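S.K.: Just dropping this structure here.
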Amino acid sequence: MSDPTYTPPKVWSFDAENGGEFASINRPTAGPRFDKELPRGKHPFQLHSLATPNGVKVSIMFEELLAAGFSDAEYDAYPIRIGDGDQFGSGFVNINPNSKIPALIDTTTTPETRIFESGSILLYLADKFDAFIPVDHAGRTECLNWLFWQMGSAPFLGGGFGHFYKYAPEKYQYPIDRYTMEVKRQLDVLDKQLANNQYIAGDSYTIADIAIWSWYGQVALNRAYEAAEFLQVHEYKNVLRWANDIDQRPAVKRGVKVNRTWGEEEEQVPERHQAADLD
């Protein structure tokens with residue numbers, strides 16, 4: 001076990017053996033590590049992702065668009081197995097130089113448009129289809145307030161709490177306490193917002209709900225980190241009401257299956273090319 005009183009050296013050096021479950025893929029450098037072209041389907045949008053909390057934001061958005069009647073939102077979805085390092089292939093890095101899922105190609109533009117970062121993809125699709133985002137300036141701003149809240153807050157939940165509580169090779173009290181406190185504060189922020197609003201940004205379901213549910217809703221429903229009891233999520237009654245309401249949406253039920261490569265067989269749809277793939 002590492003020394004809990006570790007003193008940082010004057011100059012940090014990379015230790016390939018340090019890092020727990022993800023040590024084999026984590027490096028302090030960017031760029032492709034091998035040549036690999038990405039597959040290409042026939043639909044307007046090409047999604048390369050995995051059904052993590054960040055990944056399901058986009059597949060849920062596509063399924064919501066299709067359910068709302070936007071047939072031009074048809075997409076092909078291919079898995080990027082991040083545990084195997086697929087995100088470091090040259091084709092994927094060309095879409096996202098940051099080597100993180102999800103990444104999307106819109107083939108309907110000339111030249112084709114690459115979109116990376118889950119929040120950017122949600123906003124791009126909302127604007128492209130004029131859907132799941134308010135049209136009035138004040139409503140749009142409130143929606144974007146919460147979308148960017150999620151993008152700024154979730155690293156404390158995932159890379160902070162999730163890492164030290166579930167994935168870190170050693171469990172130390174200080175980082176777990178520090179990030180648990182912050183996650184509970186964030187859940188309280190959401191609970192207070194939802195006390196007087198059906199959805200995150202008001203009366204309408206928006207990309208803010210999709211983004212935040214994919215992280216905090218799944219934590220509340222005990223589908224991320226198996227930490228609902230530890231975090232005492234029963235205290236956040238408004239969050240639980242909202243999380244369960246969104247969980248019942250048919251498009252959400254479909255979206256969480258896309259690019260999923262683990263769990264029960266009926267929960268997995270590693271590739272999605274047509275609606276029937278999700279039946």
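S.K.: Averaging over all projection directions, find the projected area of the Cα convex hull of the stretch 137-255 and quote it in nm² with one decimal place.
M.R.: Convex hull of Cα atoms, orientation-averaged projection: 7.3 nm².
S.K.: So for each of 117-130, 200-213 I average, over its residues, the number of other beta carbons within 10 Å; can you give me the resulting order with the highest mean first?
M.R.: 200-213, 117-130
S.K.: Could you sort out which of 57/192; 100/128; 128/184; 128/253; 184/253 sit more than 32 Å apart by Cα distance in this structure?
M.R.: Beyond 32 Å: 128/184.
S.K.: Out of all Cα-Cα pairs in the stretch 1-118, roughly what percent, to the nearest whole number, are more than 21 Å apart?
M.R.: For the stretch 1-118, the share of Cα pairs beyond 21 Å comes to 47 percent.
S.K.: Under the Kirkwood approximation for Rh and a Cα-based Rg, what ratio Rg/Rh is obtained for the chain?
M.R.: Taking Rg over the Kirkwood Rh, I get 0.97.
S.K.: Among 12, 215, 242, determine the one that fluctuates most according to a GNM of the chain built with springs between C-alpha atoms less than 10 Å apart.
M.R.: 12
S.K.: Once you place label points 7 Å from the Cα toward the Cβ at residue 185 and residue 198, how far apart are they in nm?
M.R.: 3.3 nm
Any read-out appearing in this document is the output of simple, stated calculations on the displayed coordinates, not a laboratory observation. The model shown is predicted, which means the values in this text are computed figures rather than measured ones. Counting neighbours? That spans all protein chains shown, and the Cβs are built from the backbone with ideal geometry, glycine included.
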